[in-house]
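J.: Got a structure here, written out as structure tokens. Questions coming.
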Amino acid sequence: MITPEHISSVASVVRGACPHDCPDTCALLTTVENGRAVRVHGNSAHRHTDGVLCTKVSRYTERTYHPERLLQPLRRVGPKGAGRFEPVGWEEALDDIAGRLKAIAARNPEAVLPYSYAGTMGLVQGEGMAARFFHQLGASHLERTICSAAGTEAMVQTLGGKVGMKVEFFAESKLILIWGSNSIASNLHFWRHVQQAKRDGARIVCIDPRRTETADKCHEHIALRPGTDAALALALMHELVTHDWLDHDYIAQHTLGWAGLRERALQWPPERAAQVCGVAVQQITDLARDYGTTRPAAIRLNYGMQRVRGGGNAARAIACLPAITGAWRHRAGGVLLSSSGLFPIDRAALHRPDLLGARRPRTLNMVTIGDDLLRETSPGFGPKVEAMIVYNSNPVAVAPESGKVVRGFAREDLFTVVLEHFQTDTADFADYLLPATTQLEHWDVHASYGHTDVLLNRPAIAPLGQARTNTDVFRALARRMGFTDPCFVDDDETLCRTAFGDAVPFDELLENGFASLPLPDAPFAHGAFPTPSGRCEFFSERLAMQGLDGLPDYLPNYETTGSSAAWPLAMISPPARNFLNSTFVNVKSLRDIEGEPILEMHATDARSRGIADGDVVRVFNARGAYHCKARISPRARPGVVNGLGVWWRKLGLRGTNVNELTSQRLTDLGRGPVFYDCLVEVAKT
Ligand SMILES: Nc1nc2c(c(=O)[nH]1)N[C@H]1C(S)=C(S)[C@@H](COP(=O)(O)OP(=O)(O)OC[C@H]3O[C@@H](n4cnc5c(=O)[nH]c(N)nc54)[C@H](O)[C@@H]3O)O[C@H]1N2
Ligand SMILES: Nc1nc2c(c(=O)[nH]1)N[C@H]1C(S)=C(S)[C@@H](COP(=O)(O)OP(=O)(O)OC[C@H]3O[C@@H](n4cnc5c(=O)[nH]c(N)nc54)[C@H](O)[C@@H]3O)O[C@H]1N2
Ligand code: SF4
Ligand SMILES: [Mo]
């Protein structure tokens, strides 16, 4: 076992945090020898990490010292998107970028758009200095919706925020519903609690259209059609009502809108839901009985179920369940989608929205970047986007309807700066490509969306080559833009301290690398939800005021099988286990495990199309076409195909990926993406 105490004159062990968009937020220990990181381990002193990392991050040194790491600033030569660059000095690059931004901002700063997401979840290298920069500039706001917006809004409206059970108490549950999540792939440390519960006799049920690695290991798998989760949740409620598996006292004291929800649930007998979901009636009635009669019962909800038109309503319906049965009374009962709302982040101090003054720039949604880059100046839209600064994201690969995203990025009149570790699909379109530091090379501080500890990340090694931190690039640009507020000279350690202010003891972070938030074990045992009413809001007044349904309901997908003869198959595109979104696709050892981009198909769907296992197929719809290899697999249910992982387009079979097919429509709540609400046809090539 490696602990930070094993320090010698040539070797040291540095405490850090995994930066990736993963609920586990592991504590890392990096062994450094002669200035070089030689191994990255999980810190066993951190209870949530428990000394274990996933395969991806155990290979972190391979990614860090990858021969294709960007090590110097580059300037485009040749046409947009050709990916040809020449080296340029930092000073020259930054001077030119600042000059271009100044000229655009002099006409209208809203023509500048930041584009970023969760390449790093660090609060400092994420939006720490960047938000200050764009606020001072008055650039367009970006709605950062691409992952979790519908579920987030659902939790806000129902429970009052991204709050819920503590992950460690799932180990004590007697019934666990894993709902819309492939935990073994995407939430490994949660899965360890499930294993414990299972050893202690708990029943584990997986609700997922795909027979995942996780489903394989559960007692029951309910393979419903994509986008039908709300129908299932309402039918469960129907059964809870008709069998009186209700906690009347909890409902009366701690919930709002029961009469209305009860009435709606009674419209959903299991037979009706079974039709909609494409599952057996008995699976629904059995699940309802188990959920209604087992104490404590816990739901691990994850974002996989909310990337469809009705995703927000579905998450809301599911979030109502533990209040109906009083599951919240026990610390091992309730629901967890995300714990991130529990962290006392001082966003006002970190992001400095006050720098906007009276200005209120327009907001563009990162999901619709394809359309928005192709729009001209107009009264409804505002100015045409003239410049984009991309950091911590790879939109050309991850945003929906990539045909349009590519056309947008290919505009010769768009000025694009990309801060990156690698020459990604997006980086190919940059005018300036700036080398960024990795987590081993910079300071940061992290909240988590799977547990309730704050983590500090110290740099283990010096920046490679000429790489610079995101913060440093924005500080340097701010100076050139003439931004004089003192916040633009804050160093990274100061930003780390600012993120939580006095709410988290920084000394403890420096000493241990992590600190637990002081929180009750059973957050809603006595109600006290952080909603306006203080109750679990089955009925949301705030939604009703927006003209929306105040109660959760089932909203069919935009694209439902049966509605189109041309596109008879539903396609979902969940994460690949050895990638993290599009990160790691270029790490050879991990790509070798994934092999090639594949589409899982049920044998009947393949047979009727003359497709054999391993055939190269064309997956297509009106938006585009994507080539990959067919895998005939029981992991796919009839009528649904699974296009795994967000591959880099240029590392796929014919320069496209699965997002060629996905649509830019938005979810019912939160204006999120509908990646898994997508019809296609498949043909042998
Ligand atoms: N290894 C790995 N880990 C990851 C990621 C990764 O790419 N790779 N991504 C990270 C990110 S960004 C996130 S947001 C988190 C969260 O992770 P999620 O995005 O929730 O991803 P998964 O856990 O794979 O869960 C998605 C599951 O939902 C299923 N699903 C699809 N449509 C539906 C539906 O309509 N209903 C239901 N019930 N299920 C459906 C899919 O088949 C899949 O098994 O994971 C993170 N962790
Ligand atoms: N079809 C389909 N599409 C999807 C999904 C899906 O399930 N299906 N999942 C969606 C989800 S859940 C999400 S969250 C999004 C994710 O979309 P993104 O947030 O764009 O995630 P990544 O693809 O991992 O790209 C992150 C990039 O940030 C870079 N990066 C990491 N750290 C740093 C840093 O410190 N500095 C700089 N400058 N760069 C850094 C990495 O090298 C990487 O290229 O994709 C979405 N797209
Ligand atoms: S990606 Fe997730 S499981 Fe892997 S090391 Fe990072 S936080 Fe842990
Ligand atoms: Mo995500």
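J.: Helix-only estimate, please: 222 nm mean residue ellipticity of the chain, summing -39500 (n - 2.57) across DSSP H runs of length 4 or more and dividing by its residues, to the nearest 500. Could you put the intermediate results ahead of the total?
T.: Values: 24 runs with 198 residues, N = 685.
Using -39500 (n - 2.57) per qualifying helix, the result is -8000 deg cm²/dmol.
J.: Report the FRET efficiency, 1/(1 + (r/R0)^6), for HIS219 and HIS243, where r is their Cβ-Cβ distance and R0 is 22 Å, rounded to 0.05.
T.: Details: r = 21 Å, r/R0 = 0.96.
Calculated value: 0.55.
J.: Within region 339-421, list the GluC sites (Glu not before Pro) lying in a DSSP loop whose Cβ has at most 13 other Cβ atoms in a 10 Å radius.
T.: For GluC sites (Glu not before Pro) across region 339-421 that sit outside H, G, I, E and B with at most 13 neighbouring Cβ atoms in 10 Å, the list reads GLU376, GLU412.
J.: Can you pull out the chymotrypsin sites (Phe, Trp or Tyr not before Pro) in region 52-158 whose DSSP state is coil and whose Cβ has at most 15 other Cβ atoms within 10 Å? Walk me through the numbers on the way to the answer.
T.: Numbers: sites: TYR60, TYR65, PHE85, TRP90, TYR115, TYR117, PHE133, PHE134; in loops: TYR65, TYR117.
The qualifying sites are TYR65.
J.: Give me the count of lysine pairs in the chain whose alpha carbons sit under 23 angstrom apart, restricted to pairs 8 or more positions apart or on different chains.
T.: So the count of such lysine pairs works out to 21.
J.: Right, here's the next one. Can you list the GluC sites (Glu not before Pro) in region 65-132 that are in a DSSP coil and have 11 or fewer other beta carbons within 10 angstrom?
T.: On the way: sites: GLU68, GLU91, GLU92, GLU110, GLU127; in loops: GLU68.
Those that pass, being in a loop and sparsely packed, are GLU68.
J.: List the pair-distance distribution P(r) of region 247-374, using every Cα-Cα distance, as the percent of pairs falling in each 5 Å bin from 0 up to the bin containing the longest distance, rounded to whole percents.
T.: 2, 8, 11, 16, 18, 13, 9, 8, 8, 6, 3, 0
J.: Kirkwood hydrodynamic radius, region 561-684, all distinct C-alpha pairs: what's the number in Å? It would help to have the intermediate numbers written out before the result.
T.: On the way: mean 1/r = 0.0682 Å⁻¹.
Mean inverse Cα-Cα distance, inverted, gives 14.7 Å.
J.: Give me the distance in nm between label points sitting 7 Å out from Cα along the Cα-to-Cβ direction at ARG199 and GLN275, one decimal.
T.: Taking the two extended label points, one gets 4.6 nm.
J.: Looking only at the chain, where both bridge partners belong to it, what percent of the DSSP beta bridges are antiparallel (to the nearest 5)? Write out the running numbers ahead of the final one.
T.: Working: 41 of 84 bridges.
DSSP beta bridges in the chain are roughly 50 percent antiparallel.
J.: Taking amide H atoms as placed 1.01 Å from N in the peptide plane, list the residues 5 or more away in sequence, or in a different chain, whose amide H sits under 5 Å from that of VAL641.
T.: Amide H neighbours of VAL641, under 5 Å, 5+ apart: ALA570, MET571, ILE572.
J.: Report the gain in length on full extension from VAL616 to GLU263: 0.36 nm times residue separation, minus Cα-Cα distance, nm rounded to one decimal. Walk me through the numbers on the way to the answer.
T.: Values: separation 353, 0.36 × 353 = 127.08 nm, distance 4.98 nm.
Between VAL616 and GLU263, full extension yields an extra 122.1 nm.
J.: Under the rule a/c < 1.5 gives rounded, and otherwise a/b versus b/c splits prolate from oblate, where does region 428-497 land using the Cα gyration tensor? Before the final figure, lay out each step's value.
T.: On the way: a/c = 1.88, a/b = 1.31, b/c = 1.44.
Cα axes put region 428-497 in the oblate bin.
J.: Note down the nm distance, to one decimal, between modelled labels 7 Å out along Cα→Cβ at SER12 and at LEU548.
T.: 4.9
J.: Could you tell me the extents of region 469-528's C-alpha atoms along the three principal axes, largest first, rounded to whole Å?
T.: So the three principal-axis extents are 54, 29, 18 Å.
J.: So if we plug the beta-carbon distance of ASP95 and THR484 into 1/(1 + (r/R0)^6) with R0 = 22 Å, what FRET efficiency do we get, rounded to 0.05? Walk me through the numbers before you get to the answer.
T.: Details: r = 18 Å, r/R0 = 0.83.
Efficiency for this residue pair is about 0.75.
J.: Which distance in nm do the two modelled labels at ARG84 and GLN466 give, with both placed 7 Å along the Cα-to-Cβ direction?
T.: Using points 7 Å along Cα→Cβ, the separation is 2.1 nm.
J.: Let me ask you something else. What is the percent carbon and sulfur in the accessible area of region 125-187, measuring with a 1.4 Å probe over the protein chains and ignoring ligands? Write down the numbers at each step before the final one.
T.: Values: 570 of 1080 Å².
Solvent-exposed carbon and sulfur of region 125-187 make up 53 percent of the total.
J.: Sort ARG631, ARG309 from largest to smallest accessible area, using a 1.4 Å probe on the heavy atoms of the protein chains. Please report the intermediate quantities before stating the final value.
T.: On the way: ARG631 105, ARG309 70 Å².
Correct descending sequence by accessible area is ARG631, ARG309.
J.: Also, quick follow-up: Could you work out how much longer the chain between ASP371 and ALA358 gets when fully extended? Use 0.36 nm per residue separation minus the Cα distance between them, nm to one decimal. All intermediate terms of the calculation are to be shown ahead of the outcome.
T.: Numbers: separation 13, 0.36 × 13 = 4.68 nm, distance 2.86 nm.
Gain on extension, ASP371 to ALA358, equals 1.8 nm.
J.: Separate question: By residue number, which cysteines of the chain lack any other Cys whose Cβ falls under 4.7 Å from their Cβ?
T.: For the chain, the answer is CYS22, CYS54, CYS147, CYS277, CYS320, CYS487, CYS496, CYS536, CYS628, CYS678, because their Cβ atoms have no other cysteine Cβ under 4.7 Å.
J.: Counting only C-alpha contacts under 8 Å and six or more residues apart, can you give the relative contact order of region 561-684 as a whole percent? Mind showing how you got there, number by number?
T.: Numbers: 273 pairs, mean separation 43.6, N = 124.
Relative contact order, region 561-684: 35 percent.
J.: Could you quote the convex hull projected area for region 1-135, Cα atoms only and averaged over all directions, in nm²? Walk me through the numbers on the way to the answer.
T.: On the way: hull surface 46.2 nm².
Computing the convex hull of the Cα atoms and averaging its projections yields 11.6 nm².
J.: In whole angstrom, and with the biggest value first, how far do the Cα coordinates of the chain range along each principal axis?
T.: The Cα atoms of the chain stretch 72, 58, 53 Å along their principal axes.
J.: Which semi-axis lengths, in whole Å and largest first, follow from the square roots of five times the eigenvalues of the Cα gyration tensor of region 316-435? Don't skip to the end; give the middle numbers.
T.: Working: eigenvalues 275, 76, 62 Å².
Result for region 316-435: semi-axes of 37, 20, 18 Å.
J.: Quick one: Debye curve from the C-alpha atoms of region 226-304, no solvent, what's log10 I(q)/I(0) at q = 0.15, 0.21, 0.22, 0.27 Å⁻¹?
T.: -0.54, -1.04, -1.11, -1.37
J.: Turning to a different aspect of this structure: Stick to the Cα atoms of region 493-537, pair each with every other, and give me the Kirkwood hydrodynamic radius in Å at one decimal. Don't skip to the end; give the middle numbers.
T.: Details: mean 1/r = 0.0768 Å⁻¹.
Evaluated over region 493-537, this radius sits at 13.0 Å.
The values are calculated or read from the model by the stated rules, or taken from the named source; none is laboratory data. No experiment lies behind these values; they were computed from the predicted model shown. Don't worry about glycine lacking a Cβ; one is built from the backbone with ideal geometry, like all the others, and counts go over all protein chains shown. Just the protein is used for accessible areas: all its heavy atoms, side chains included, with ligands, DNA and RNA removed. Shrake-Rupley method; radii C 1.70, N 1.55, O 1.52, S 1.80 Å.
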